[in-house]
Every structure is written in structure tokens, then in C-alpha cells.
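Student: Let me give you the structure first, and then I'll get to my questions.
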Amino acid sequence: MIERTPILNIVTHLILASGLILLLLPMYLTIVAASHTLNDVIAVPPNLLPGDQLWVNLTEAWTKGHLGDRFLNTFIVAFGVMTGKIVMSCITAFGLVFFDHRLKMPIFWLIFITLMLPLEVRIVPTYAVAANALLPFQTLLDLSGITWLISAVSGIEVKMEWNLLNSYAGLIMPLVATATGTFLYRQFFLTIPEELVEAAKMDGAGPLRFLWDVLIPLSRTNIAALATIMFVYAWNQYLWPLLVVTDQSYAMVAVELGRLVPKLSATGGEVPKWHIAMAGTLIVMLPPILVVIFMQRWFVRGLINTDK
Amino acid sequence: MAQISIRNVRKSYAKQEVVHGVDLEVATGEFIVILGPSGCGKSTLLRMIAGLESVTSGDITIDNRVVNDLEPHQRGCAMVFQNYALYPHMTVAENIGYALKVAGLPKVDRLARVQAVATSVGLTEFLERRPGQLSGGQRQRVAMARAIIREPKVFLFDEPLSNLDAKLRVQMRHEIRRIHNHIHATSVFVTHDQQEGMTLADRLVVMNKGVIEQVGTPEEIYHRPASVYVGGFIGSPAMNFLSGQISAQDSAVVLANGAKIPLPVPLAAAHDGQFTQIGLRPEELALVPAGKGAFDAAFEFAEELGAARLYHFQFEDLMLTVLSADKPAVEKGKPMGIRIGAGAVHLFAADTGKRLSAKVGSRERELV
């Protein structure tokens with residue numbers, strides 16, 4: 001519906017502007033709070049103009065929150081999730097779209113079901129698996145009686161253990177195993193004309209060659225879109241790192257931010273240092289914002305799928 | 001250069017059989033066109049030769065080697081697809097050279113061969129472009145070049161011209177024929193366009209509902225269609241069909257309204273009393289004053305074709321068309337006599353639809 005009347009124009013612009021203000025106001029308040037001393041921040045009435053303490057607060061937040069180490073950890077995890085996700089969803093979708101086999105639909109539905117079970121819902125079993133990644137196999141062996149059989153025959157007790165707590169693998173793998181990326185790729189692969197696949201067959205390209213030479217170059221925008229989403233998603237993770245990491249050398253930024261705002265009970269009645277917390281927030285927000293800004297063009301193209 | 005044998009090949013999808021036992025021999029260097037309406041199994045047959053579809057039963061051999069279980073690229077076939085199927089992210093040069101790249105040919109040799117092939121199809125100035133920046137005809141040429149560069153023994157074409165406009169189609173048709181003469185590969189070309197089939201083919205294969213109706217040179221197929229189906233499918237404007245009964249006494253076919261169409265004596269004698277379908281090509285009929293022809297028919301309307309005119313008549317409950325280069329003026333509703341040229345009558349059995357011919361001794365000889 002495209003209508004152009006002056007009144008409608010004004011109304012739509014008002015709606016847009018109010019939405020923008022609604023979005024930017026918290027950001028602005030964060031910047032304001034990050035640029036004052038503690039006394040100015042908690043003053044009533046509140047200061048609505050930025051102060052001159054921004055750099056001081058930023059440096060304090062950086063050192064106090066060990067943000068240097070946390071940034072490195074978070075970058076490693078975010079990149080791990082991003083690449084792991086892209087590789088896995090690409091290969092899974094490839095198998096689902098271009099090969100005909102009996103298990104195609106069951107596998108597709110199994111993946112589909114995981115969409116309804118995000119990490120937050122299955123966090124307890126996921127933690128159990130992270131504590132011992134071989135637990136599912138151990139359970140299978142126990143239930144099928146193979147453990148019993150082996151111990152009866154050889155006297156060896158089968159006990160498999162692979163602990164993922166306090167490791168990058170433990171942080172990354174559960175975040176990689178979700179279905180969204182697979183769907184994005186599947187939808188894209190379904191638009192590839194059958195004749196293109198056949199032309200590649202006639203040219204002698206095997207499946208992997210076809211994936212590498214044709215599908216991956218064609219899905220560059222998809223990769224960019226997925227990379228952006230996954231980077232931001234992994235960067236902002238809070239609950240899972242909080243749970244799986246007890247060793248602070250693996251801590252991630254979002255968790256650290258929570259610690260910058262100490263609880264009243266823990267500080268013995270001292271006022272929380274909001275100005276430092278806000279300064280830390282500013283630093284932590286920066287990488288996802290930069291990624292989105294740089295990837296925006298690709299990101300949009302990848303999602304609307306017009307680049308063909 | 002290869003000879004292809006197709007022996008009793010069948011293809012079923014689930015329970016449904018779509019190709020019902022096809023036998024075909026293609027000689028080395030021959031240009032074969034498989035012609036038929038959509039859904040007749042012609043593309044399926046081609047794709048079975050290419051290796052893109054599995055063969056349910058029967059054998060396909062290329063140069064006396066059974067290729068049923070070989071991968072497409074091991075069969076020495078190259079294929080040109082209807083929608084070109086070019087790789088959209090590669091340049092023209094990369095598209096043409098991709099098969100060689102997969103085969104592991106060094107880059108220098110590859111570029112030299114791409115250059116040579118591009119020259120032969122007139123694509124040298126477009127090598128750095130992408131398929132999206134080319135016109136339909138140029139894309140078609142890239143698809144051809146991609147097939148040529150593999151130096152295939154067998155060239156397969158799956159309706160490659162149907163996405164082009166009429167003028168370009170004729171031009172590409174000539175080009176395909178020129179390339180065929182130049183590289184001497186055995187070619188199998190699938191189309192539903194009879195003009196394409198007639199002009200390109202050394203031999204035509206007419207298919208219908210999963211079986212081959214007739215194999216022969218375009219001339220044979222036009223002049224001696226083996227069945228009602230082939231007669232009606234080949235030729236434009238389409239053949240007229242009238243039903244009647246053969247009478248040896250009159251040495252003619254007697255139509256429902258009593259009109260008689262004369263037949264040669266041996267032919268009438270061989271099939272006395274049989275119900276028949278007579279095929280009459282519009283171009284073999286002539287217009288004469290009422291009462292002077294084999295029968296009279298009421299004129300309905302005419303279509304101007306430029307060099308000739310197409311007259312439509314009402315005859316019994318059928319429409320009858322006559323193609324006349326003389327373009328006589330005719331009034332609507334007025335009866336005209338229709339004269340049948342010598343040797344213009346094609347007789348088909350009314351029940352089986354097969355062509356009827358006279359038997360002389362033990363040999364079947366065509367007398368019509």
C-alpha cells in the first residue's frame with residue numbers, strides 16, 4: 001500500500017522517530033552514565049548530559065573487569081560458534097537436499113524438532129552431557145548390556161568420560177548444535193536448479209567438488225548473514241557460559257558484565273558502581289555493533305536471497 | 001565418434017512405466033532427433049543415455065560397451081540443457097573450462113583449449129563476462145562450448161532451443177548443424193518442435209506415450225508415416241483425417257456420405273471391406289469447381305500465409321484444410337470440389353492406426 005499524502009507522511013515519520021528514540025534512549029543513558037563520577041550518576045535529579053569522566057571510567061572498567069582476557073575468550077568462542085555453525089549447517093543441508101535416501105525425512109524432522117528445544121529449555125541435560133560428552137554412548141552400552149558383557153568376559157569395566165566443563169569446546173559445541181542455520185541453507189539449496197546439479201555431474205564433478213566449486217561460492221551471502229547472526233548470538237551468551245565455566249580464565253564478557261554490578265548484599269551496603277558498569281557495557285557492545293555495521297549489506301542480501 | 005545401441009530399454013518411476021521397451025541403433029556420426037509431445041518419454045530416454053536417470057531394464061551401449069552402471073562423465077557424453085544450466089558465479093571462460101579443471105588439466109592447456117573453443121563458437125569477446133550479463137543466444141553458445149570442449153563421443157541436446165525467440169532459434173539450428181558437421185560426434189537431439197526435427201535430423205525418431213512410433217529419414221516420415229499418430233504429428237498444417245470403408249469393387253474408399261476416394265487396385269484388393277482412416281495432407285489437395293473433384297465441401301474461412309493460403313472447409317462433421325498457392329477467391333458457405341493429388345492418400349487401419357499397404361507376394365510393398 002503506497003499512499004502519499006502530507007498528513008500520512010508526518011504520521012509515519014512520527015512513528016519512525018518515536019521508535020528510533022525508544023531504541024536510542026537507553027544507549028544514550030548508558031553513555032551519559034559512563035561519563036560521570038559515581039556521585040553524579042546517583043544524584044537526584046539525574047544528569048541528562050554527558051560528563052567528562054568517560055575515558056577514566058572506560059579504563060577502570062577495562063582493568064577491573066579483566067576485559068582484555070575476557071575479550072580474547074569471547075572472540076575465540078564467537079568465532080568457534082560462527083565457523084562451526086556455518087560448516088555444520090552447510091554440510092547438513094547439503095546432505096538433506098542433494099541426496100536421496102530413506103532417512104532423509106526422519107533426519108530432517110529430527111533437526112526440525114530441535115528448533116523447539118532451545119538451549120535454555122534443555123540446559124540441565126546439556127550440562128550433564130557437557131560434564132561427560134560420552135555419557136550418551138555409555139548409557140547406550142549400559143542399557144544394551146554390552147558393558148556387562150565386556151566386564152563378564154574380560155573383567156574390564158567400561159567407563160568412558162570426556163569432560164567439557166571449563167573448556168572452549170564445552171562453551172562452543174552446545175551453541176553450534178541448533179537448527180536455524182541448517183534451515184537457512186536448506187531453503188537456499190532448494191532454489192538451486194536441478195539442471196545445474198546435472199551439468200556438474202556431466203562435467204565430472206563429484207558431490208564434494210560440486211559443494212566446494214558451486215554451492216559455496218553461490219551461498220556467499222548466506223554465509224555472511226549466518227556469520228553475522230551467529231557472531232552476535234555467541235558474543236551475547238550469558239546463561240550457558242555462567243553455568244559451564246567456573247574457571248575464570250575461560251570467562252566471557254557478558255558474564256563479566258554481570259559481575260561489574262555487584263549485589264548490595266555482597267558489597268556490604270556500598271552503592272554499586274554504575275558508572276563503571278555502564279562503561280564496561282559500552283566496551284562490550286562495540287564488537288557486535290561493528291560486525292553488524294560492516295556486514296549489513298551482505299546480511300540483508302543473504303536473508304532476502306536475491307543475489308542470483 | 002561413437003555408435004549407440006539401445007536395446008529394449010524400459011524406465012519406471014515407482015509402479016508407473018514411462019518408457020516401454022525402446023530399441024534404437026544410432027550409427028557413428030549420425031544426427032538423430034527424437035521428436036514427440038511433452039510427456040512421451042523422449043527426455044527420459046536422453047537422460048538415460050546421459051546417465052542422469054537409471055535404466056530400469058534393458059541395455060544402453062556406447063561403442064559396444066554397456067554403460068548402464070557408468071557415471072555420466074565416464075560415458076563420454078556431453079549434454080546441452082534446455083535452461084543452459086551455466087554456473088552463475090563463474091565467468092564464461094570458467095564455465096567452458098570447468099570440466100577440464102575437474103579433470104585436472106594444467107591451467108595453461110586449459111586456457112588454450114577454452115580459447116580455441118570460444119573462437120569456434122564466436123565467444124572470444126565475452127570470456128570474462130558472467131552468464132547473467134549475456135543474452136539468451138550467447139548463453140546457449142556458452143552451453144554448447146562447454147559441451148564441445150570435452151571432445152565428447154556423443155553429443156546430447158535436451159530441447160536446447162526452446163527458450164530462444166523464433167529468429168534466433170533458426171540461427172542456432174544452423175549453428176548446431178555446422179558444429180555437428182565440424183566435430184563429427186554422434187548427436188542425439190530431443191525436441192517437440194517438428195520443424196527443428198525435420199531440418200536437423202539425419203534420421204528422425206517419433207515417440208509417443210513411451211514407445212517409438214517410427215524411425216526414418218525426415219523424408220520417409222513425411223511421405224510414408226507409419227501410423228495415424230505420426231501422420232498427424234508431422235507436417236504443418238496438420239494432416240486431414242477422414243473415415244471410410246475400403247471397397248475392392250470400386251477400388252476406392254467409400255466415405256460415410258457415399259463419396260469415393262479412388263485407390264490403386266492392389267491396395268484396395270488387399271484390404272477389401274476394412275474400415276480405414278484416410279490421411280490427406282493439406283498441401284496435396286487442390287481446389288476445383290464443385291462437382292469436379294473427389295468430393296465437395298462447404299467453405300468456412302481462409303488464413304493468409306503470404307506465399308499460400310490455408311482454406312478451411314466443413315466436410316461431414318469434420319474440418320478439412322487445403323493449402324493452396326494459387327489462392328483462388330471463394331465465397332463463404334459455397335461448396336467447392338476438392339481434388340486429391342496422385343499418391344496423396346495415406347491409408348491407416350481404423351482399429352490399430354497402422355499404415356495399410358498392399359502385399360505383393362511375401363514382401364510388403366508400398367504402392368500408395
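Student: Suppose each label sits 7 Å from its Cα in the direction of the beta carbon; what would the A:VAL87-B:LEU111 distance come out to in nanometres?
Tutor: For A:VAL87 paired with B:LEU111, the spin-label model returns 3.4 nm.
Student: Roughly how many Å² is the accessible area per residue of region A:119-167, as a whole number, for a 1.4 Å probe? Don't skip to the end; give the middle numbers.
Tutor: Working: 3310 Å² over 49 residues.
For region A:119-167, the per-residue accessible area is 68 Å².
Student: Any chance you could check region B:65-94 for residues losing 30 Å² or more of accessible area when the partner protein chains are in, compared with the chain on its own (1.4 Å probe)?
Tutor: In region B:65-94, residues shielded by partner chains: B:PRO72, B:HIS73, B:PHE81, B:ALA85, B:TYR87, B:PRO88, B:HIS89.
Student: List the lysines whose alpha-carbon lies under 29 Å from that of B:LYS260, not counting same-chain residues fewer than 8 positions away?
Tutor: B:LYS292, B:LYS327, B:LYS332, B:LYS334, B:LYS354, B:LYS359
Student: Rounded, prolate or oblate: which fits region A:119-167 when a ≥ b ≥ c are the square roots of the eigenvalues of the alpha-carbon gyration tensor, with rounded for a/c under 1.5 and prolate only if a/b beats b/c?
Tutor: Values: a/c = 5.88, a/b = 2.19, b/c = 2.69.
In terms of gyration-tensor shape, oblate.
Student: Please compute the contact order of chain B in relative form: average sequence separation of alpha-carbon pairs under 8 Å and at least six residues apart, divided by the residue count, as a percent. Mind showing how you got there, number by number?
Tutor: Numbers: 759 pairs, mean separation 54.8, N = 368.
Relative contact order, chain B: 15 percent.
Student: Right, another one. Assign unit charges at the C-beta atoms only (+1 for Lys and Arg, -1 for Asp and Glu), then state the dipole size of chain A relative to its Cα centre in Debye, rounded to the nearest 20. Before the final figure, lay out each step's value.
Tutor: On the way: 18 positive and 19 negative charges, 61 e Å.
Dipole about the Cα centre, nearest 20: 300 debye.
Student: Just to confirm the number: angle between the C-alpha axis of helix A:274-304 and the first principal axis of chain A, 0 to 90 degrees, nearest 10?
Tutor: 50
Student: What part of the accessible area of region B:1-149, given as a whole %, is carbon or sulfur when the probe is 1.4 angstrom? Intermediate results must be reported in sequence, preceding the final value.
Tutor: On the way: 2910 of 6130 Å².
On region B:1-149, the fraction of accessible area on carbon and sulfur atoms equals 47 percent.
Student: Region A:211-249: which residues show an accessible-area loss of 50 Å² or more, assembly versus chain alone, 1.4 Å probe?
Tutor: Residues shielded by partner chains are A:ASP213.
Student: Could you give the angle, 0 to 90 degrees to the nearest 10, between helix B:136-148's Cα long axis and the longest principal axis of the Cα atoms of chain B?
Tutor: So the inclination is approximately 70 degrees.
Student: Taking +1 at the Cβ of each Lys and Arg and -1 at the Cβ of each Asp and Glu, which of B:ALA238, B:GLN16, B:THR186 sits farthest along the dipole of chain B towards its positive end, judged by Cα position relative to the Cα centre?
Tutor: Value computed over the given set: B:THR186.
Student: Using a simple charge model, +1 on the beta-carbon of Lys and Arg, -1 on the beta-carbon of Asp and Glu, nothing else, what dipole does the protein assembly as shown show about its Cα centre, in debye to the nearest 20?
Tutor: Working: 58 positive and 58 negative charges, 108 e Å.
That gives the protein assembly as shown a dipole magnitude of about 520 debye.
Student: Can you tell me the length gained on complete extension of the stretch B:LEU318 to B:ARG10, counting 0.36 nm per residue apart and subtracting the Cα distance?
Tutor: Values: separation 308, 0.36 × 308 = 110.88 nm, distance 3.78 nm.
Using 0.36 nm per residue and subtracting the Cα-Cα distance, I get 107.1 nm.
Student: Now, a different point. Show which lysines lie in cross-link reach of A:LYS273 when reach means a straight Cα distance below 24 angstrom and same-chain residues fewer than eight apart are skipped.
Tutor: List returned: A:LYS64, A:LYS263.
Student: I'd like the interface area for chains B and A: accessible area of each alone minus the complex, both sides summed, 1.4 Å probe, protein heavy atoms only. What is it in Å² to the nearest 100? Before the final figure, lay out each step's value.
Tutor: Values: alone 17140 and 18860 Å², together 34190 Å².
Using a 1.4 Å probe on protein heavy atoms, the buried area is about 1800 Å².
Student: Extending each Cα 7 Å along its Cβ direction at A:LEU134 and B:GLU151, get the distance between those two points in nm, one decimal.
Tutor: So the two model labels end up 5.6 nm from each other.
Student: For A:THR180 and A:SER144, FRET efficiency with R0 = 35 Å and r from the beta-carbon atoms, rounded to 0.05? Before the final figure, lay out the partial values.
Tutor: On the way: r = 34 Å, r/R0 = 0.96.
It comes out at approximately 0.55.
Student: Compute the FRET efficiency between A:PHE99 and B:THR217 as 1/(1 + (r/R0)^6), taking r as their Cβ-Cβ distance and R0 = 60 Å, and round to the nearest 0.05.
Tutor: Working: r = 44 Å, r/R0 = 0.73.
For A:PHE99 and B:THR217, the calculated efficiency is 0.85.
Student: Now a separate question. To test your reading of the geometry: what angle, between 0 and 90 degrees and rounded to tens, separates the Cα axis of helix A:135-144 from the longest principal axis of chain A?
Tutor: Rounded to the nearest ten degrees, it is 30.
Student: Another question, if that's okay. Placing unit charges on C-beta atoms (Lys and Arg positive, Asp and Glu negative, everything else neutral), compute the dipole magnitude of chain B about its Cα centre in debye, rounded to 20. Could you put the intermediate results ahead of the total?
Tutor: Working: 40 positive and 39 negative charges, 181 e Å.
So the dipole magnitude of chain B works out to roughly 860 debye.
Student: Per 0.36 nm of contour for each residue apart, how much would the distance between A:LYS159 and A:TRP212 grow if the chain were fully extended, relative to their Cα-Cα spacing?
Tutor: Numbers: separation 53, 0.36 × 53 = 19.08 nm, distance 4.00 nm.
Here the segment from A:LYS159 to A:TRP212 would lengthen by 15.1 nm.
Student: Carbon and sulfur atoms: what percent of the 1.4 Å accessible area of region A:163-288 do they account for?
Tutor: Numbers: 3380 of 5000 Å².
Its accessible area is 68 percent carbon and sulfur atoms.
Student: What's the extension gain from B:ALA329 to B:ASP250 if we count 0.36 nm per residue and subtract their Cα-Cα distance?
Tutor: Details: separation 79, 0.36 × 79 = 28.44 nm, distance 3.35 nm.
Stretched out fully, the B:ALA329 to B:ASP250 stretch lengthens by 25.1 nm.
Student: Something else about it: Among A:TYR185, A:LEU243, A:ASN222, whose Cα sits farthest toward the positive end of the charge dipole of region A:158-282 (+1 at Cβ of Lys/Arg, -1 at Cβ of Asp/Glu, about the Cα centre)?
Tutor: Towards the positive end, the residue furthest out is A:LEU243.
Student: Using each residue's phi in region B:39-55, evaluate 6.51 cos²θ - 1.76 cosθ + 1.60 at θ = phi - 60° and report the 3J(HN,Hα) Karplus result to the nearest Hz, with x for Gly and Pro.
Tutor: For region B:39-55, the Karplus-derived couplings read x, 8, x, 5, 5, 4, 4, 4, 5, 6, 5, 5, x, 8, 10, 7, 8 Hz, x marking Gly and Pro.
Student: Accessible area per residue, 1.4 Å probe, Å², for chain B: what's the number? Don't jump to the answer; show the numbers that get you there.
Tutor: Working: 16300 Å² over 368 residues.
I get 44 Å² per residue for this part.
Student: Would you please give the FRET efficiency between A:ILE7 and A:THR37, computed as 1/(1 + (r/R0)^6) with r the Cβ-Cβ distance and R0 = 56 Å, to the nearest 0.05?
Tutor: 0.75
Student: Express the carbon and sulfur contribution to the solvent-accessible surface of region B:200-262 as a percent, rounded to the nearest whole number, probe 1.4 angstrom. Before the final figure, lay out each step's value.
Tutor: Values: 1230 of 2490 Å².
Percent of accessible area from carbon and sulfur atoms in region B:200-262: 49.
Student: How would the protein assembly as shown be classified by its alpha-carbon gyration tensor: rounded, prolate or oblate, with rounded meaning a/c under 1.5 and the a/b versus b/c comparison settling the rest?
Tutor: Values: a/c = 3.09, a/b = 2.32, b/c = 1.33.
Prolate shape, in that a/c is at least 1.5 and a/b is the bigger ratio.
Student: Just want the answer: with Cβ charges of +1 for Lys and Arg and -1 for Asp and Glu, which residue in A:LEU14, A:ALA33, A:PHE71 is farthest toward the dipole's positive end in chain A?
Tutor: It is A:LEU14.
Student: Sticking with this one: Restrict the search to region A:194-288; then list the trypsin sites (Lys or Arg not before Pro) that DSSP places in a loop and that have at most 15 other Cβ atoms within 10 Å of their Cβ. Each step should come with its number before you reach the end.
Tutor: Details: sites: A:LYS201, A:ARG209, A:ARG220, A:ARG259, A:LYS263, A:LYS273; in loops: A:LYS263, A:LYS273.
Sites meeting the loop and neighbour criteria: A:LYS263.
The values are calculated or read from the model by the stated rules, or taken from the named source; none is laboratory data. The shown structure was predicted, so the numbers you read here are calculated from the model rather than taken from an experiment. Neighbour counts run over all protein chains shown; Cβ positions are idealised from the backbone, glycine included. Ligands, DNA and RNA are excluded from the accessible area calculation, which covers all protein heavy atoms including side chains. Shrake-Rupley method; radii C 1.70, N 1.55, O 1.52, S 1.80 Å.
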